[in-house]
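S.K.: The structure follows.
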Amino acid sequence: IPNGDLAVTGTVTADGLTVDGASVLTGNTSPASDEVLLNLASLNGTGTAGNMLRFTDKDPTAINNGSIGKIQFYSEDTAAVVVEIEGQNADASPDGRLLFKTAEGTTLANRMKIANTGDISFYESTGTTAEFYWDASAESLGIGTSSPAKTLDVRSANQIVATFHHTD
């Protein structure tokens, strides 16, 4: 139905695509209640994905740090999510941010965050502290700090902060 809604009561199956209430399935017929499993390559038959995948938050009240949508890369071998890309509301308005996470074992940790302001954070190994930080509004780069005081602010607990080498 172009530009409209399709109300499904019960289950509709056609050519490997199953619509069951709020879930759209290809292959897997038992997702979690909040999952939509969709293989875009199977929809157009060419082995390539379609033009766009859109996540729409239908809740009219934006929640601070609330998830708008996630793309998860799941390993059947380890039965765990190994990579996750998540769109979030940055605050109680429709300001967005993008989080990139990877797993060590079965625990996802932040690796990079792009804020609605253009700030970019790269996290250390545990995924809790931004150790490499671009402050877009101040046009400053912080290494070892997420609040650079100068254009380039390098901080370290070690006595040697940086080493520069010249090679021919």
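S.K.: How many residues are within 17 Å of Phe100 (Cβ to Cβ), of a type in the set (S, T, N, Q) and open to solvent by less than 70 Å² (accessible area, probe 1.4 Å) when one looks only at the stretch 122-168?
M.R.: The number of residues fulfilling the criteria is 2.
S.K.: OK, next. Take Phe164 and decide whether it is aromatic (Phe, Trp, Tyr) and in a loop (DSSP other than H, G, I, E, B).
M.R.: Answer is yes for this residue.
The values are calculated or read from the model by the stated rules, or taken from the named source; none is laboratory data. As the structure is a prediction and not an experimental result, all values here were calculated from the model. Here the Cβ is made from the backbone with ideal geometry for all residues, glycine too, and neighbour counts use every protein chain on show. In case anyone asks, the SASA skips ligands and DNA or RNA and just uses the protein heavy atoms, side chains included. Shrake-Rupley method; radii C 1.70, N 1.55, O 1.52, S 1.80 Å.
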